[in-house]
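Values quoted throughout were computed directly from the atomic coordinates according to the rules given, and no laboratory measurement underlies them. Just so you know, these numbers come straight off a predicted model, no measurement behind them. Every residue, glycine as well, gets a Cβ built from its backbone with ideal geometry; the counts of neighbours run over all protein chains shown.
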Amino acid sequence: MPELPEVEVTRRGLIAPLQGARIASVRIGKPLRWPLGIETAALAGRTITDVQRRGKYIVLALDQGVVLIHLGMSGSLQVSPMDAPAGPHDHFDLFTDQHLLRLHDPRRFGAVVWSPDTESGMAAKLLANLGVEPLGAGFSFEHLWAGLQKSRMPVKQLLLGGQVVVGVGNIYASEVLFLAGIAPTKPANQTTRPQARRLHAAIVEVLTRSIALGGSTLRDFVQVNGYAGAFQAQASVYGRAGAPCPRCGQPVQVIKQGQRSTYFCKRCQK
DNA sequence: AAAAGCCCCTGGATGC
DNA sequence: TGCATCCAGGGGCTTT
């Protein structure tokens, strides 16, 4: 589910309840993708100094160590009442003196991982090889252009890979390529410079707009306050196979690329 | 080295 | 109603 906008919306919602808070206790449910990497009791008493994000990871900076949280396909983080009983899909609870942060993740592709810092242990491994932040200063047109030139992969799959730019997942990859007018099957190194210009602008625009709308809610995702996102209602092509293209009226196509669905307009995207 | 495929897991929608 | 099949916002690991 969660792509960069959903993770960023979540991060923003966590700052007020968590920044500066002291961890009182931690409860773990069923196993997630990886073990936590530290005894839960050892986290008690530590302070959350900052709530950051890198790609699709939430990074809780502690006074000692960091906690990476990934939402996988079906995860969401909510601040819940302290006495709310844990449901069958609530697999990680972090209690501060004032709040309960709860990870709800039916499919359990998500992860919560502790490391001494972001440069060592599991965190370093997970954060290595991530591309630049699309909404940061490092995402220049020339960076995107250079990344496109180096690969013969279909441009959609290159975006999804996250080695050039992070955070563009399956929904936003289709949306961004539609907005840029680029066929998702086009080999990355065959995109023209004008196309790459449009792609660069589209990535920034679509992600920014989605964050402003609270992200996309297809099935599981909710914001920290429990509210759904609203971006999905404005999607041009994602999930709209057979519906008219908003630009030309031709039916939206769906194909499989690397076992993931891609939506696009045959007429508008070259 | 790059790229393609295979899984991890659960639940909802669809079809017979 | 019941059961089988397919599909889903990700991404690490293994195989070509």
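Structural remarks
- Pairs from the list A:K30/A:K256; A:K156/A:K266; A:K150/A:K256; A:K186/A:K256; A:K150/A:K186 with a Cα-Cα gap above 21 Å: A:K30/A:K256; A:K150/A:K256.
- Counting only DSSP beta bridges with both residues in region A:54-213, the antiparallel share comes to about 95 percent.
- Charge dipole magnitude, Cβ of K and R +1, D and E -1 - chain A, Cα centre, debye nearest 20: 1460
- Using a cutoff of 8 angstrom between alpha carbon atoms and counting only pairs six or more residues apart, the relative contact order for chain A works out to 19 percent.
- Relative contact order [Cα under 8 Å, 6+ residues apart], region A:91-193, whole percent: 22
- Working value for chain A: equivalent-ellipsoid semi-axes of 35, 20, 15 Å, each the square root of 5 times a Cα gyration tensor eigenvalue, largest first.
- Folded to 0 to 90 degrees: helix A:4-18 orientation relative to chain A principal axis, Cα: 20
- GNM top mover of A:P85, A:P187, A:P246 - chain A, alpha-carbon springs below 10 Å: A:P85
- In order through region A:147-153: 3J(HN,Hα) via Karplus (6.51 cos²θ - 1.76 cosθ + 1.60), integer Hz, x for Gly, Pro: x, 5, 4, 7, 10, 9, 5
- Helix content alone sets the calculated 222 nm mean residue ellipticity of chain A: runs of n ≥ 4 DSSP H residues at -39500 (n - 2.57) each, divided across all residues, give -8000 deg cm²/dmol.
- Sorted fewest first by neighbouring Cβ atoms within 10 angstrom, A:E133, A:E119, A:E8 come out as A:E119, A:E133, A:E8.
- Cα centroid of region A:200-233 to Cα centroid of region A:18-89, whole Å: 22
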